[in-house]
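Report on the structure given below.
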Amino acid sequence: MSEEAHLRHTPLEERLVDLIRLKGPITVADYMADALGHPHDGYYMTRTPFGAEGDFTTAPEISQIFGELIGLWLIENWRAMGSPDSFNLIELGPGRGVLMEDILRAARLRAGFSNAACVWLLEISGRLRVEQQRRLRASGVKPLWADEFADISPAPSLIIANEFFDCLPVRQFERVERGWRERLVDVDNDSRLVFVLGKTPPPPNYNLPGDDESEPGDIFEINFAARDFMSELVATLTEKGGAALIFDYGHVASGLGDTLQAVRGHKFWPPLSTPGEADLTAHVDFAALADAAVDAGAAVYGPTAQGRFLDRLGLSLRTEMLCKDKAEGEQETIRSGSHRISAPDQMGEIFKVMCIASPDLPAPPGFFDL
């Protein structure tokens, strides 16, 4: 990216500068929410970010095996639920619809599952909804869309979230000599967005690390939005039954560290530069998510590494089945994709998978020894 791209103001940046000058610094969470979801200038409202021509690539875009194995996992959990005649098949943040397309193709192995599924897509981007509609209706599926989880009709549910929770906005806190202060976004003399620290300590119930667990300069992140969303999701699962399968990159245990990052053109980008034109994410705190799920009454399985989970579902076998009778170049593409989504030095270790389920369901496939 050119130096000019850093120097110019985006439309959203101009809005934020005016807002901050009028009302004062905003939280990192508010900045992140606007940068991604502002109705006019947010990142997901103005572009299609996925694939080689976008800013990043997800596991479903890399290999069809990812979605096919999840499809089989969903069938097994549908059977564990008693094979209901009608249930919600929900994807949170479905991108271009590639994952759901692969899931439904694999699910054709069980006509009862496909016939019973009411497909819901939680998506705020009109641009992406058009792409999802084109892709899925070409496969004979007529999905329903929701802006918020509460918009989805209550029913037994199977839920998929791939790289969804990392987009929910985090708040950041920095340790100083006199305790903790919230990290905020302000405007400097050149009308550029900069990080500053709040003047007052955060409430005690935020449970930030103590003095013996941190030192000045440390950053601690709390994702209140993710915790609230998890509580809402669990309420559906415990009332109506079902399970949610969550894939994302992040850490198993809560800890210190600044994980806020931006990506543009498949390269890291300064988080406060060109808001609305770069993807913003933060690593998922799986321990905090699990705690929120348990507190709300769900059973939690995992997290475990994505590569280990896919291996347990039969990744190697499916890879070789797809390679059968294919030309050498096609085999190499299939095996390369399989390697990228599962190898420890690729996506296999940094990406984790966790299952949240109603307490009456048996342990789901892939988590039997966790």
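Taken together, the values in this text are just the output of simple stated rules run on the coordinates, not laboratory data. Note that the structure is a prediction, hence the values are computed from the model and not measured. Cβ placement follows ideal geometry from the backbone for every residue including glycine, while neighbour counts extend to all protein chains displayed.
Assorted remarks:
- Listed residues ALA293, ALA33, ALA138, most fluctuating in the chain (Gaussian network, C-alpha, under 10 Å): ALA138
- FRET efficiency, GLU177 to THR57 (Cβ-Cβ, R0 45 Å, nearest 0.05): 0.60
- Counting all C-alpha pairs of the chain, share separated by more than 31 Å (%): 38
- Neighbour counts of C-beta atoms inside 10 Å place ASP248, ASP85 in the sequence ASP85, ASP248, starting with the fewest.
- Estimated distance in nm for a label pair at GLN133 and ASP325, the labels positioned 7 Å out from Cα along Cα-to-Cβ: 3.8
- For the chain: relative contact order, % (alpha-carbon pairs under 8 angstrom, 6 or more apart): 20
- With both labels modelled 7 Å from their Cα along Cα-to-Cβ, the ASP345 to LEU197 distance reads 4.0 nm.
- Förster radius 25 Å - calculated FRET efficiency between ASP147 and GLU239 (Cβ-Cβ, nearest 0.05): 0.70
- Order of TYR206, TYR249, TYR43 - criterion: other Cβ atoms within 10 Å of each residue's Cβ, fewest first: TYR206, TYR249, TYR43
- Sites count as exposed loop sites when they are GluC sites (Glu not before Pro), lie in a DSSP loop, and have at most 11 other Cβ atoms within 10 angstrom; the longest stretch of the chain without one is 178-370.
- Taking the fewest neighbouring Cβ atoms within 10 Å as the starting point, the ordered list for LYS352, LYS23 is LYS23, LYS352.
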